[in-house]
Amino acid sequence: MASSAEVVAPSNEEETTDTPAAQKRVERLRKFRELHFKRNEARKLNHQEVAEEDKRLKLPSNWEAKKARLEYELLVDQKKKECAEQGEDYDRVKLLEISAEDAERWERKKKKKNPDPGFSGYAEAQLRQYQRLTKQIKPDMDNYERQREECGEDFHPTSNSLIHGTHVPSKESIDRMVDDVEKQIEKRAKYSRRRAYNDDADIDYINERNAKFNKKAERFYGKYTAEIKQNLERGTAV
């Protein structure tokens, strides 16, 4: 006959799963595992961000602009291919997609693109004038093709070519050059150069460095030495 203790007493398994203390313990273990998983996930993401930041720091300073430019060029190439497949003109399609606000903004940017930096040197001024004059030149393609047919292989001369000095410019080309030179002369006549010194002022210096020193001395001590200077000029100084 089995003892009554064996029948009434609950098993250890039932005690570990059914009691409130055991349930709290299981809940704490579950939360602990979740926190441990979240900590590992945060550590992994943090490591990835540190690696990405290190890569960005090692890249050139203008990398973002270059990347944006390359992405834009890829989009443009893709759009050109699509237009070519559909038999459409890319420039026309692009203009149709531009809004009035964007066009006005680009026009303002274009005007600010070539500001006048002022005079910085004769070489820079000459280069700037050359670029301005060459932008105004409109090539005559008809005359170009005619000369190309007349000259034949000598159109692109080599060391053995005798074409040098045989070209005679047309009357229209000479008139265009004369008009351009006259405009340059007229514009140069309106330009007034600011002189670095006054021609009527007294010359009391021997070089530019001495002139600057005299100006500083006059600015600080001029009111104290005005009488002495006048006496020296009149010859009445003691």
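Measuring with a 1.4 Å probe in the full set of protein chains, what accessible area per residue, in whole Å², belongs to the stretch 67-108?
91
May I ask you to give the percent of accessible area on the stretch 67-108 that is carbon plus sulfur, with a probe radius of 1.4 Å?
Using a 1.4 Å probe with all protein chains present, the stretch 67-108 comes out at 51 percent carbon and sulfur.
Rounded, prolate or oblate, given the Cα gyration tensor of the stretch 67-108, with a/c below 1.5 counting as rounded?
Taking the square roots of the gyration eigenvalues as a ≥ b ≥ c, the stretch 67-108 is oblate.
Which entries in the list LYS109/LYS135; LYS135/LYS183; LYS66/LYS94; LYS138/LYS190; LYS111/LYS187; LYS138/LYS187 go over 24 Å, if you measure between the two C-alpha atoms of each?
Exceeds cut-off: LYS138/LYS190.
Tell me the carbon and sulfur percent of the accessible area for the stretch 198-238, rounded to whole percent, probe radius 1.4 Å.
Accessible surface attributable to carbon and sulfur in the stretch 198-238 totals 53 percent.
Between the stretch 206-238 and the stretch 65-95, what's the alpha-carbon centroid distance in Å?
So the two Cα centres are separated by 72 Å.
The values are calculated or read from the model by the stated rules, or taken from the named source; none is laboratory data. Because the structure is predicted, anything quoted here is derived from the model rather than measured. Ligands, DNA and RNA are stripped out before the accessible areas are found, and what is left, the full protein with its side chains, is counted by its heavy atoms. Shrake-Rupley method; radii C 1.70, N 1.55, O 1.52, S 1.80 Å.
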